[in-house]
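Written out below as structure tokens is the structure these notes cover.
The values are calculated or read from the model by the stated rules, or taken from the named source; none is laboratory data. Bear in mind the structure is a predicted one, so any value in this text is a computation, not a measurement. With ideal geometry, Cβ positions are generated from the backbone for all residues, glycine too; neighbour counts draw on all protein chains shown.
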Amino acid sequence: MTAFVAEDQKSLRQEYDEHGYCIARGAIDKGLAGEMMDHVHWLGKKYPDVRPERLGHGLLVADPFIHRLVCDPRLVDIAAQFLGDDVAMFAAHYIAKKPRIGQAVQWHQDGSYWPLEPMEVATLWVAATDSTVENGCMRVLPSTQNNRLLKRSEMVDLDEEKYVLGIGIRPEDIDDSQALDLELAAGDVSIHNPTIIHGSNANHTEQWRVGLTLRYIPTTTKVTTEGHESIFCCGQVDAKTGNLYAEKPVFVAREHMSFAGCDAR
Ligand SMILES: O=C(O)CCC(=O)C(=O)O
């Protein structure tokens, strides 16, 4: 089944509240989506031992291109529709599935993993390539945004040779007969809430399938992992949370991937 798409950006919030996800078509331009793809290849050379499905926050938080992308007004404006005017991004992760051997993501709820109090967060899944049924697009189970969040202890360990995440929902607890495929073109963004059950199949095609997950939070949400650095996007920080923010990195040609506007301070 293919997902319902909000006809205009104004109804994104309505769709999200009703279904637990929504899609913003053409949220970023193809040029920027192309730079994301360049970035994945560049990171692949920098970290040859890391699978491209696992290019996580620790590898990205001091990267000038990630700061440029996370703070792109088009993405921050979308995040603000769900979170209000004071916005940060606490975790970025490229799930880049290589041609033929790209791994699956087992069904899970994001909130089961996250160190957030309260669990106020919206994921923007930014498509760097087209993401289709064939190459392993993200899938959601409708109505599960109203479920309770499973604890880690209720979940099962997974074979990391086969799956991107090391832990997921027990296959016997899932009925995927009603699963919706979130097919996207490069530059589209899907938005999902932390409770909806979602996952994706492996990529057996000849094309890459690349998405960047950006987890935006209101600055009033506390990140409880000690020493964790988020990226501040807009509005006011809330000192009461004690959240830490990464400094905006200065672009250095020998150390970083160059991108449009990288020399601007
Ligand atoms: O990129 C995928 O295939 C799955 C994404 C996902 O699990 C997530 O955003 O939490």
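Can you say whether M37 is within 16 Å of the ligand (Cβ to nearest atom), of a type outside the set (F, W, Y) and outside any helix (DSSP H, G or I), as far as the supplied structure shows? No. If you filter the range 38-65 down to residues that are in contact (Cβ under 8 Å) with a residue 40 or more places away in the chain and in contact with a strand residue (DSSP E or B) (Cβ under 6 Å, 6 or more places away or on another chain), you find that the one that is nearest to E120 (Cα to Cα) is V61.
Can you tell me which residues in the range 66-77 are in a helix (DSSP H, G or I) and surrounded by fewer than 23 Cβ atoms within 10 Å (Cβ to Cβ)? Give the steps one after another, and end with the answer.
Applying the first criterion (in a helix (DSSP H, G or I)) to the range 66-77 yields 66-70, 73-77.
Residues satisfying the conditions are H67, R68, P73, R74, V76, D77.
Here L55 meets the list (1) more than 10 Å from the ligand (Cβ to nearest atom); (2) surrounded by fewer than 19 Cβ atoms within 10 Å (Cβ to Cβ) almost entirely, failing just condition (2).
The conditions of being at pLDDT below 95 and within 16 Å of the chain's Cα centre (by Cα) are met by Y113.
Name the one entry in G166, G102 that is modelled with pLDDT under 95, within 21 Å of H204 (Cα to Cα) and within 14 Å of the ligand (Cβ to nearest atom).
Values: G102 fails: modelled with pLDDT under 95.
Of G166, G102, the one residue that is modelled with pLDDT under 95, within 21 Å of H204 (Cα to Cα) and within 14 Å of the ligand (Cβ to nearest atom) is G166.
Restricting to the range 114-127, count the residues that are more than 10 Å from the ligand (Cβ to nearest atom) and of a type in the set (S, T, N, Q). Count: 0. If only residues of the range 248-262 that are exposed (fewer than 11 other Cβ atoms within 10 Å of the Cβ) and free of Cβ contacts under 8 Å to residues at least 40 places away in the same chain are counted, the one that is farthest from C233 (Cα to Cα) is R254.
Taken together, D157, D130 contain a single residue that is in contact (Cβ under 8 Å) with a residue 24 or more places away in the chain and away from the ligand (no atom under 13 Å from the Cβ), which is D130.
When you scan the range 106-113, do you find a residue that is crowded, with 22+ Cβ neighbours inside 10 Å and away from the ligand (no atom under 16 Å from the Cβ), even just one? Within the range 106-113, not a single residue is crowded, with 22+ Cβ neighbours inside 10 Å and away from the ligand (no atom under 16 Å from the Cβ). Considering only residues in the range 144-157 that are polar (S, T, N, Q) and over 20 Å from the mean Cα position of the chain (by Cα), the one that is surrounded by the fewest Cβ atoms within 10 Å (Cβ to Cβ) turns out to be S153.
Entry remark, the range 108-141: residues being more than 24 Å from T225 (Cα to Cα) and touching a strand residue (DSSP E or B) at 6+ places or on another chain (Cβ under 6 Å) number 12 in total.
Just one of (1) within 27 Å of A27 (Cα to Cα); (2) of a type in the set (A, V, I, L, M); (3) surrounded by fewer than 22 Cβ atoms within 10 Å (Cβ to Cβ) fails for M89. It is (3).
Which ranges mark the strands (runs of 3 or more DSSP E) fully within the range 174-245 that have 3 or more residues being of a type in the set (A, V, I, L, M), within 16 Å of the ligand (Cβ to nearest atom) and touching a residue at least 24 places away in the same chain (Cβ under 8 Å)? Can you show your working first?
Details: elements: 189-192, 198-200, 209-218, 229-234.
Result: 209-218.
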